[in-house]
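A quick write-up on the structure given underneath.
The values are calculated or read from the model by the stated rules, or taken from the named source; none is laboratory data. Owing to the predicted nature of the structure, the values given are computational and were not obtained by experimental measurement. Cβ coordinates were reconstructed from backbone atoms using ideal geometry, including for glycine residues, and neighbour counts include every protein chain displayed. Please note that ligands, DNA and RNA were not included when accessible areas were found on the heavy atoms of the full protein model with its side chains. Shrake-Rupley method; radii C 1.70, N 1.55, O 1.52, S 1.80 Å.
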Amino acid sequence: MNNPPGTGSAGGPLLAVHELTRRFGGLTAVAGLDFDLHAGEVLGLIGPNGAGKSTTFNMIAGTLAPSAGQILLQGNSVGGLPAHAMAARGVLRTFQHNCLFAGMSLRDNVMTGMHVGLASNLLGVIGGIARVRTAETAARARADELLAFVGLADAREQDVATLSFGQGRLLETARALAGDPKLILFDEPAAGLAPAECERLTDIIEQIAARDIGVLLIEHDMRFLLGIADRVVVLDHGERIAIGLPEAIQRDPAVIKAYLGSTRGVPAAGGTHA
Amino acid sequence: MKSLLQAALVIAILSAIGFLLGPYHTDIYRKLLLWIALALSYNFLFGVAGQVAFSHFTFYGVGAYAIVILVTQAGLPLPLAATAGIVLCVLLALAVAIPATRLDGFYLALATLALAQLFIVFLNEGGELTGGSGGLTSYRLPDVGGITLSGPRYTVVIVLLVTFTWILLARIDQSWFGRACRAVRDNPQAAAAMGIDVARTRVIAYALTSALAGLAGMVYAFVDNTVSPPIFGLENAFLLLFMVIIGGSGSQIGSVIGATVLYLLPFVLSPLIGHHHALVFGVVMLLVILAQPRGLTGLWAARPWRSR
Ligand SMILES: Nc1ncnc2c1ncn2[C@@H]1O[C@H](COP(=O)(O)OP(=O)(O)OP(=O)(O)O)[C@@H](O)[C@H]1O
Ligand SMILES: [Mg+2]
């Protein structure tokens, strides 16, 4: 099912990871992971605590370098590139615990997400040339559009300190969209959200995927994930124990043993934190 | 267009003041303007980019000494000397910032403290080149295009420096680069996830503001027509930090207010309470920081009688 390296042009996967491995000293957090993700697809990544989900995510986002293996974005090897370079290539993310820029308005937060598109020669900025000013005006209008898309238009001038956790999550989504993503990574987007906010986010993620953007989703909330994911990858102890359609995953004995056997949302023995 | 007119008006008013003052007040006025220029660029470095650096006065000194040495000892024409001075500041800034910004912000503070101390040692031990502890004296500004820039005319040069610094920094602050600097200051990890090259942004902000400090130093060199080591020491570097904090770090108007208040305070206070002004200074400083971390501009924004 995986394409060999270098064949990810039209029709090939947007993202492919091969034998992706990350070791922390003696501990292998991710061990030879394989999966791919197509444009417009929502891929869920689940597994008990300590399964290696965040580590996988961080390697794709460029926050952690892989110990071994490959990450291919549209067929190009991008493993080990730093986070800002991954963002420049269209891989954008939200954070598990909101990471907003304090002391900035909502609009400025979203405009910061447009950095790659806006960055130009500083001499042009200092000289106040027309091209820089038009780009800035266009960026501002686009930021307002994105804020309207996530339902925060009314608050656009406010300081981010005024937002609730759920609103912050939506703002992070708008900020990630501002970077013109090919692939968006969501780290537990539903955690801490009220049911109504959860529904709103599901709706937004579906619309994002409908724009042909790939979505990789780490999630603990199975109900949320099964309703939205096209396919699901299940990790346990750094290894892929299942991949497939959500319904099939739910019935997979290995998955039930590792993860779903216990009460929903509470991971199986082995990784439970106090 | 509107902003150009505004700038012209400000330049005209500030210059006109220069023509009205006598020698004593001219000196105070010029130094106030220089403090404002320095506070503006330091505000960008400390307040906007969030870098705790103590080298701003060092670059002020590098600019001042460089232009004097290049003009009087190397015999370079003024424009060439000025360009070389800026290049020197940028190179020195890169040499400090590139290694320091790879590390935690704490190391930038340490590295710049070391640089500041080294620079003073270099000035004192520099022999003929720097004039040692007595510094360099008895030189004057060469004529520029056949015009002797002295008296109020030189005050106009300083006014132009301040307005140039203001406009340049305001434009940058309101651009993608200003947002990137604030983002890096607030949350480097999230900034990187937005595609911002954190190290590069820090280095550029440091080099840019250091070059502006160097430029101000070049202008300063011909204010007293003497440069000597004590001016460029750490004491003034800390005063600059206080100016930015008191005014409200991150705010350009705050820097102007902070520089004005702290520079003029001793002139107002010492006739009243003699040398105790240092004490008053410290207490005011403490009160402002405790009452309002965003300084005087923050105090103004949060004024209780404000109608909403
Ligand atoms: N920086 C690190 N240094 C050492 N060990 C780490 C580091 N980051 C993660 N680990 C270990 O790697 C393993 C996988 O961690 P990871 O955070 O990827 O799991 P996860 O699936 O995201 O779990 P959770 O559901 O709790 O977020 C864990 O055993 C963890 O302790
Ligand atoms: Mg995790």
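Quick notes
- Pair A:Ala153, A:Ala85: separation of 7 Å Cα→Cβ label points (nm): 4.0
- B versus A: buried accessible surface, summed, Å² (probe 1.4 Å, to nearest 100): 2300
- Highest-MSF residue in chain A out of A:Ala155, A:Ala141, A:Ala119 [GNM, Cα springs under 10 Å]: A:Ala119
- Chain A: angle of helix A:195-210 to the longest principal axis, Cα-based, in degrees nearest 10: 80
- Taking Lys and Arg as +1 and Asp and Glu as -1, the other residues whose beta-carbon sits under 14 Å from that of B:Tyr60 total -1.
- For A:Ala242, distant residues with modelled amide H under 5 Å away: A:Val234
- From its DSSP helices (H runs of at least four residues, each -39,500 (n - 2.57)), chain A gives a residue-normalised ellipticity at 222 nm of -10000 deg cm²/dmol.
- Carbon and sulfur %, accessible surface of the stretch B:2-232 computed with the full protein complex present, 1.4 Å: 69
- For the protein assembly as shown: rounded, prolate or oblate by the Cα gyration tensor [a/c cutoff 1.5]: prolate
- Accessible area per residue in Å² at 1.4 Å probe, computed on the stretch B:2-232: 41
- Exposed trypsin sites (Lys or Arg not before Pro) absent: longest stretch of chain A, with sites in DSSP loops and at most 16 other Cβ within 10 Å deemed exposed: A:1-210
- Cα gyration tensor shape for chain A, rounded if a/c is under 1.5, else prolate or oblate: prolate
- For the stretch B:2-232: rounded, prolate or oblate by the Cα gyration tensor [a/c cutoff 1.5]: oblate
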